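Worksheet: one structure, shown below.
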C-alpha cells in the first residue's frame with residue numbers, strides 16, 4: 001500500500017543537523033538551514049489547519065444528520081429537531097470560520113516561504129526522506145478548493161424551507 005502525503009505526520013524536520021533554530025550558516029548549507037526553518041515554522045499552523053479541518057468535517061456531518069432528521073421527525077417533535085439543526089448549523093459556521101482562518105495562515109506560510117526551484121526540490125526530497133508531510137510544497141492544496149463550500153448559502157436555503165414547514169405546524 002502506497003503512503004500518500006496526507007498519511008504522513010506533520011512534524012518538524014532536521015536536515016543534516018539543521019532545524020532552523022540555530023544561527024544561519026554563511027556557506028552552501030544555508031539553503032538546508034532555510035528549508036528546515038521554513039518547514040519547522042509552518043508545523044504549528046499546519047497542525048491547526050488539520051485540526052480545524054477535522055472539526056469542520058465533524059460539524060458538517062452533524063449538520064447533515066440533523067437536517068435529515070427533520071424529514072422523519074413526527075410533527076410533535078419537529079420543533080425540537082429543528083432546534084437541534086439550528087444549533088448544528090451554528091457549530092458548523094464556527095468550524096468553517098476556524099478552518100478558513102487556519103487555511104489562510106497556511107497559505108500565508110506558503111507565500112512567505114518564497115521558494116526557489118532548487119529549494120522546492122530539496123524540500124520535497126527532505127520531507128520524503130524524513131517521512132513527514134510536505135507542508136509548503138507546490139502540491140499543497142490552498143483554501144481555493146474549499147471556497148466553494150458555501151455554508152452560508154446552503155444554510156439560508158434550508159432556513160427558508162424549514163420556515164415554510166414551521167408556519168404550517170399546528171400550535
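Derivation of every value follows stated rules applied to the coordinates shown; laboratory data play no part. Treat the numbers as computed from the prediction; the structure is a model and nothing was measured. Cβ sites come from the backbone with ideal geometry, for glycine too, and all protein chains shown count toward neighbours.
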For residue 108 and residue 77, FRET efficiency with R0 = 41 Å and r from the beta-carbon atoms, rounded to 0.05?
0.35
Cα axis of helix 151-168 to longest principal axis of the chain: angle in degrees, 0 to 90, nearest 10?
10 degrees
Report the relative contact order of the chain, percent, no decimals, based on alpha-carbon pairs under 8 angstrom and at least 6 residues apart.
28 percent
Mind listing the Cα extents of the stretch 46-128 along all three principal axes, in Å, largest one first?
66, 21, 15
Using only alpha-carbon positions, what ratio does the radius of gyration of the stretch 11-168 give when scaled by 2.2 N^0.38 Å?
1.47
Over the chain, the sum of -39500 (n - 2.57) across DSSP H runs of at least four, divided by residue number and rounded to 500 deg cm²/dmol, gives at 222 nm -23500 deg cm²/dmol
Rounded tilt (10° steps) of 78-113 against the dominant C-alpha axis of the chain:
20 degrees
For 134, 111, order by how many other beta-carbon atoms lie within 10 Å, fewest first:
111, 134
I'd like the orientation of helix 117-130 relative to the chain: the angle between its Cα long axis and the longest Cα principal axis, in ° from 0 to 90, rounded to 10.
80 degrees
